[in-house]
Structures are given as C-alpha cells and as structure tokens.
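Report on the following structure.
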Amino acid sequence: MTLLLSCGRLLSACLFLLVSIESFAQKPVIEQYRVRVITKTGQRLRGILDDVTESHLTVMYSYVGTERVPLENVRKVVLRRANKKTVQITGAIVGGLLVGFIANQSLENSPARSPILHGLTVVFAAAGGATGGLILSSAIGNLTSRIIRPLDPANPDLSLRRQLEPFSIRYQQDLLNRLPKSR
C-alpha cells in the first residue's frame, strides 16, 4: 500500500516537472487582443488590435479588413485576450493536481478496500478536478478585461498610445524580431 502511494507521489512529481518544463520551453508567441473601441461620437468598433501609431489605432476585422481610428477620437478601449487556451489548460492542470492530491490525502486517513479502488478514486477525482478547473478558469477568463482611457488630459493621444502599444500585434512582432534566434 505504501509502495503504491509513493509511486503515486513520484508519478505526480514527474507529471508536474514535465508540465513545468514544457511551459518554459515554449516558443514566444504573439498574443492577440480583442478590442472594443468606443469613440467620442459614440461609434463602437470591434476587432483585433493590429497596430498603434502616433496618431491612429488600427483595428483588424476577421478576414474582412482593417479600420484606422484617430487616437484623438477614442474615448475608451476595452481589451480582452483573443485566445484563452493557455489559461484553460493551466486551470485544468491545477484543478486536477489539487483535487487529486486532496483525494490521495483523504484516502490515507480512510484507506480503500483495494489498491485498484484507491487508484481509481484518485484518477476520477483528478479528472473531476481538471474539469472543474477548466470550467472555472474559462469563466474567470471571460470576466477579465482591461479598460484603457486617456490618462493625461494635456496629451491624451500619447497617453493612449503608450497604454495600448504593448498589446498590438505589430509591437509584439517587433519585440520577437529582436530576440536572438534559437537553434
């Protein structure tokens, strides 16, 4: 019984190590952000934040084209990640490991009738925890957004550009092009 528990702990540690190494070994990717731009005239635009220049904000529509909005006309911009896959995977992994660990610890206090039942209980608990973590991280990801408004009344265009620029596709591509190429 203790051999099975130590094997389970070893397997959990190996899984955690594998997941953490895999996440650090990823190639840098460009994050796309969905934006909702509200202008001072009340016009609303939705799309992907493509570029921010000194005078314009470029919103890319899915496979249709782009639209440039002057920064001086922007009242606020609401940003959300376009791809929530990494957040959902992380939530599923954390939920599965946490609930699996709790199930394993509770089975140490009141052991199962056989090692097979012990293993099945931990596996099903981890699967339920992974599902719960996936659902919870997905719900939290849908609720999180960032609202950006001009902070400096003396120079609102510069303020908006500095806040929005790190989220644009063009800025992220420029940053990645500066990185040294790995073999």
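The values are calculated or read from the model by the stated rules, or taken from the named source; none is laboratory data. The structure displayed is predicted, hence computed values, not measured ones. FYI the Cβ positions are ideal-geometry reconstructions off the backbone, even for glycines, and counts take in every protein chain you see. Just the protein is used for accessible areas: all its heavy atoms, side chains included, with ligands, DNA and RNA removed. Shrake-Rupley method; radii C 1.70, N 1.55, O 1.52, S 1.80 Å.
Considering the range 142-178, the residues that are in a loop (DSSP other than H, G, I, E, B) and open to solvent by 50 Å² or more (accessible area, probe 1.4 Å) include one that is nearest to Lys76 (Cα to Cα), namely Arg149. Looking only at the range 77-110, residues that are within 27 Å of Leu45 (Cα to Cα), at pLDDT 85 or above and hydrophobic (A, V, I, L, M, F, W, C) come to 3 in all.
Regarding the range 124-147, can at least one residue be identified that is at pLDDT 85 or above, among the aliphatic types (A, V, I, L, M) and within 30 Å of Thr53 (Cα to Cα)? Yes, that holds for at least one residue. None of Ala112, Ala92, Ala139, Ala126 is among the aliphatic types (A, V, I, L, M), touching a His at 6+ places or on another chain (Cβ under 8 Å) and either outside any helix (DSSP H, G or I) or open to solvent by less than 80 Å² (accessible area, probe 1.4 Å) (or both) except Ala112.
If the condition is being touching a strand residue (DSSP E or B) at 6+ places or on another chain (Cβ under 7 Å) and hydrophobic (A, V, I, L, M, F, W, C), then the range 116-167 contributes Ile147, Ile148, Leu160, Leu164, Phe167.
When you check Val74 against the structure, is it open to solvent by less than 40 Å² (accessible area, probe 1.4 Å), in contact with a Pro (Cβ under 9 Å, 6 or more places away or on another chain) and either under 19 Å from Ile38 (Cα atoms) or of a type in the set (Asp, Glu) (or both), yes or no? Judged against the criteria, Val74 is a match.
Regarding the range 51-69, can at least one residue be identified that is outside any strand (DSSP E or B) and crowded, with 16+ Cβ neighbours inside 10 Å? Within the range 51-69, not a single residue is outside any strand (DSSP E or B) and crowded, with 16+ Cβ neighbours inside 10 Å. Screening the range 29-46 for residues that are of a type in the set (A, V, I, L, M) and open to solvent by 30 Å² or more (accessible area, probe 1.4 Å) and picking the one that is nearest to Ile169 (Cα to Cα) gives Ile30. Can you name the condition, by its number, that Tyr63 falls short on among (1) at pLDDT below 90; (2) under 16 Å from Gln172 (Cβ atoms)? It is condition (2) that Tyr63 fails. Pairs meeting the criteria (first residue in the range 141-162 and in contact (Cβ under 8 Å) with a residue 40 or more places away in the chain, second residue exposed (fewer than 13 other Cβ atoms within 10 Å of the Cβ) and of a type in the set (Gly, Ala, Ser), beta carbons under 9 Å, at least 6 apart or on different chains) are Asp157/Ser55; Arg161/Ser55. Taken over the range 34-53, the residue count meeting the criterion of being in contact with a Phe, Trp or Tyr (Cβ under 6 Å, 6 or more places away or on another chain) and aliphatic (A, V, I, L, M) is 1.
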